[in-house]
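The values are calculated or read from the model by the stated rules, or taken from the named source; none is laboratory data. The shown structure was predicted, so the numbers you read here are calculated from the model rather than taken from an experiment. We place every Cβ from the backbone using ideal geometry, glycine too, and count neighbours over all the protein chains shown. Calculation scope for accessible area: heavy atoms of the full protein, side chains included, ligands and nucleic acids excluded. Shrake-Rupley method; radii C 1.70, N 1.55, O 1.52, S 1.80 Å.
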Amino acid sequence: MSIAKHFLRSIELLSDLAHPERLAHFYPTSKSLRILHAVMSTESSASTMVIASYGTGKSLAAGIAGLLVRNELSSQSILAPVVDRISVFEPVFAARMRERMGSARQGQVIVLSGHVPQLAAALLGLGADERCSMSEALAKLSQSTQGRDRLAIIWDEFGRHLEALIANGASHELADVQQLAEWVVRQSDTPATLTLLLHQGILAYADRLNQSARQGWRKVEGRFESIRLIDDSRELYELIASLVSEARVGVFGGGDSLKEAKQALAHGWFEAFEGAPEQLGVVLEKARPLTPAALRTLPLLTARLAQNERSIFSFLHQAELSKPVGLEELYLYFSEAMRMDTGLGGTYRRWLETESARSTAEDDFEREILAAACLLGLGVGGERRRLTSSALVAAFDASARAEVKRRVQKLIARKLLLHRKRNDDISVWHGADVDLRARLDEEKGRAESSFELVAFLETNHPAPVIRPAACYVESGVVRFFAPHYVTANALLVPAAQFEFTQLRPGEDGRILYVVVESKEELDAVQALVVSQEPMPSGVIVVLPRQPLVLTDAALEVHCLLRMREDRELLGLDPLVLAELNELLMVAREHFELQMAHLCEPQSEWSQW
């Protein structure tokens, strides 16, 4: 069997939208039509996040929607058969599209892709060196849409933009996206939409940001309606089963696949096969040695952890298919990904609870039960699923279920599992479940007024000494430039400038690392340095090229260190210390990245 090459081509919206024939192979599904609705938004203006893994066709669907918005004559022959296909799913929507195509109405489409360093300029199609403020750009954008019946902004591969903001220590620049989203939903004269295409939610990219930055990103995420396209279709389960049947070693049989299928459907598994137990039974038989629970959980787990289909295939490639593969094998394979999923709603807390329980389990069988309870209780979007006791038992082979029931009761008695009998819900025991993020906010509120940034930096991140090795080699003389931190506000006080710039005995010079946290401060210090009265000889002023968010980053590290010394807090839950250490690690990484923008002499982020 051969597959036409255009079906294998990935779409790059920035270039392909100008060539409608490259989108002609679009075949709509009920899920992909949600993307067309988001971009077209025939009801009102809207800002939407489309979250889906690689290969789900989100860019292709957004491209078709872009062609419909533009409604150019050159794309009519491509759109006509696509609209015919859409009529099978949504005849009313298809009729609207046909009516639009027969009209003279045209809209404007702006396509962004990946990291966009200057968002305001990109919206207006300006060059990389041209700059303007977001307010100016949005005002000009309003004028440019006159004569158009709608505006659609599609941002493909938006996750790369988020990754770049984090890597560059510029997480605060996400505020520009928030401003754009708020502008879009206010448009009434010319309806507008902003559609972000990414592989995971905004907060899932924020695992390397500290608490305050994550809260800022959470507010931005709240400006968008979220569309999650999770692929748990029949086709995917059938594909997994086919791959397993071709790769497995030996013959696996003996189980009653139809009975297993009916039990799985009774527990709410494999919703795509609802009402078709015979077809599910065939899939379960082909998927052996994957247990039904493992087959059902695999695509849902990869979706939760923001992996793509390649993660499924990677797991199958490394799995030992000569023996049963169950939830224990899934847990071990994805354990590190769960540990790293520290964002709001992430799996880190569940992983930590499970690891704590597994460390006190009596044997491998109990550890497997705990792993099963963890995975079966994970929801797709950050929530926890209800797990009945019968569903937990059904995750194991029929021959072991009597022993599983007995062991589950023992784990409940030892408080390693928690059973809420009223609604029959089993979960891994989570102790006091202390909300450390709320406690951190309270601690920061108490410490903020008395926090001294420079004192903290001198203690926890001493200003680096630059050793002029070349000078020593050439002249044999050792020079010493004393490093000091100073805030922009302190340096701008005329009476204090002498104190900071006056050389002390034994100093050949001074390096002043200036903490700048706003554009106004940066402009003022730059003006001071290049003024008619320059700094004294031997004084080097180091400035970041962009304002830093340093006080908040340092305050968070300071407060976490204090919380880690709070014995009363640590005594509330055995997991508190481990979670504090994880929060502190993330906060330190965020803080160190901000400091690198100021202190590294070879950094493109600072100016000397």
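Summary of values
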item	result
Gain on full stretching of the segment that runs from LYS410 to GLN215 - 0.36 nm per residue minus C-alpha separation	66.2 nm
Length-normalised contact order of the range 461-604 in % [C-alpha pairs under 8 Å, at least 6 apart]	20 percent
Computed over the range 535-602, Kirkwood Rh from alpha-carbon pairs, angstrom	14.1 Å
Structure-based [θ]222 nm, the chain - -39500 (n - 2.57) summed over DSSP H runs of at least 4, per residue, nearest 500	-15500 deg cm²/dmol
All-pairs alpha carbon distance profile, the range 21-147, 5 Å steps from 0, percent	2, 9, 18, 21, 18, 14, 10, 6, 2, 0
Between the range 286-336 and the range 410-439, the alpha-carbon center distance in angstrom	26 Å
Gap separating the Cα centres of the range 553-608 and the range 46-104, nearest whole Å	47 Å
The range 440-568: equivalent-ellipsoid semi-axes (sqrt of 5 x gyration tensor eigenvalues, Cα, Å)	32, 20, 12
Prolate/oblate/rounded call for the range 169-280, Cα gyration tensor, a/c under 1.5 rounded	prolate
Fraction of accessible area attributable to carbon and sulfur, the chain (%, probe 1.4 Å)	51 percent
Subset of LYS219/LYS444; LYS286/LYS405; LYS259/LYS323 violating a 25 Å alpha-carbon distance limit	LYS286/LYS405
Per-peptide average of other Cβ atoms within 10 Å, ordering 63-71, 272-280, 446-454 highest first	63-71, 272-280, 446-454
Listed residues ARG358, ARG567 arranged by accessible area, highest first, probe 1.4 Å	ARG567, ARG358
When the convex hull of its Cα atoms is projected in every direction, mean area for the chain (nm²)	36.6 nm²
Length-normalised contact order for the range 161-305 - Cα pairs under 8 Å, 6+ apart - percent	21 percent
Computed FRET value (nearest 0.05) for ARG545 with SER103, which takes r as the C-beta separation and R₀ as 41 Å	0.25
Heavy atoms of CYS599 accessible to a 1.4 Å probe, total area in Å² rounded to 10	10 Å²
Three-way shape label, the range 137-207, alpha-carbon gyration tensor, a/c 1.5	prolate
Residues of type lysines that LYS31 reaches as a straight line, Cα spacing below 20 Å, ignoring anything fewer than 8 places off in the same chain	LYS58
Packing-based order for 555-562, 419-426, 283-290, using average beta carbon neighbours within 10 Å, highest first	283-290, 555-562, 419-426
Förster radius 35 Å - calculated FRET efficiency between MET585 and ALA164, Cβ distance, rounded to 0.05	0.95
Relative packing of peptides 239-245, 456-462 - highest average C-beta neighbours within 10 Å first	239-245, 456-462
Point-to-point label distance, ARG422-LEU577, nm (Cα→Cβ direction, 7 Å offset)	3.5 nm
Compactness of the range 361-458, expressed as Rg and Dmax over alpha-carbon positions, Å	20.2, 66
Difference of contour (0.36 nm per residue) and Cα-Cα distance, LEU492 to GLU278	69.3 nm
Cα-projected label distance for GLU604 with ARG437, points at 7 Å along beta-carbon direction, nm	3.3 nm
Length-normalised contact order for the chain - Cα pairs under 8 Å, 6+ apart - percent	11 percent
Span from the the range 468-524 Cα centroid across to the the range 154-173 one, whole angstrom	33 Å
Accessible area of the chain divided out per residue, in Å², using a probe of 1.4 angstrom	47 Å²
Using a Förster distance of 22 Å, the FRET efficiency for SER390-GLU271 (Cβ separation, nearest 0.05)	0.80
Spin-label pair GLN143/LYS259, simplified geometry with 7 Å Cα→Cβ offset, distance in nm	7.6 nm
